[in-house]
């Protein structure tokens, strides 16, 4: 299951850069460009982490987080801000943040801080699923290894494998797979799906993924 991260950042270019970077690392990012939109997302979604800019329209990140904490929301929160003063940092922690990162920052540093907070809350990354043939799959990392070496799966290939493992021996229709792999504003591709299936079969063995003609696929557990 992908960890869900709220990203409240009103700089559209920076927001898009962060979103693409974190999604490349298999996180699901929900962007908000003002505090009211961010609050709506918090109420509607079971989030794992909050990334909050401070100077955004409608309400400051300080005030938003303070209110969420008063309401009992304990989701880990990291402020990302251009405010560098010691008083600003102090105010951020008083508001209830768990970490504070100053702009400009390296994306790798942000990733380290994100993973640190998630590890504190949820513990170490889960154990791998043994797929046989020296293959191990780490669901939270969307990472497949063979004899200890990472297999270079594309994002949707890893998501597809994770989906199969969540539903062993069950028929997954094309519609179910499309809904899981493609965003609502993207057009699903049957050709791409066939390519992903072919890639997974090349590692797992062709008999591990059954084709149910005109309906979908079934992953056969060992």
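All of the numbers you see were taken from the coordinates with simple rules; none came from a lab. Predicted, not measured: the structure shown is a model, and the values here were computed from it. Quick reminder, even Gly has a Cβ in these numbers, built from the backbone with ideal geometry, and neighbours come from all protein chains shown.
The sum of -39500 (n - 2.57) across all DSSP H runs of n ≥ 4, divided by the residue count of the chain, sets its helix-only mean residue ellipticity at 222 nm to -13000 deg cm²/dmol.
Among 78, 5, 101, sorting on how many other beta-carbon atoms sit within 10 Å of each Cβ, with the fewest leading, yields 101, 78, 5. Between the labelled values (1) 1.04; (2) 0.96; (3) 1.12, the entry that holds Rg/Rh (Cα atoms, Kirkwood Rh) as derived from this structure is (1).
Under the simplified labelling scheme, the residue 129-residue 169 pair shows an inter-label distance of 1.5 nm, with each label point 7 Å from Cα along Cα→Cβ. A Gaussian network model of the chain, with springs between Cα atoms under 10 Å, assigns the largest mean-square fluctuation among 73, 207, 169 to 207.
Given the chain, what percent of its DSSP beta bridges are antiparallel, to the nearest 5? Bridges in the chain are about 50 percent antiparallel.
Once you sort the root eigenvalues of the Cα gyration tensor of the stretch 129-219 as a ≥ b ≥ c, which label holds: rounded (a/c under 1.5), prolate (a/b larger than b/c) or oblate (the other case)? Prolate, since a/c reaches 1.5 and a/b exceeds b/c. Can you pull the percent of Cα pairs in the stretch 4-122 with separation above 26 Å? Summing the P(r) of the stretch 4-122 above 26 Å gives 8 percent of all pairs.
Using Cα centres only, tell me the gap between the stretch 35-114 and the stretch 155-209 in whole Å. A separation of 35 Å, based on Cα centres.
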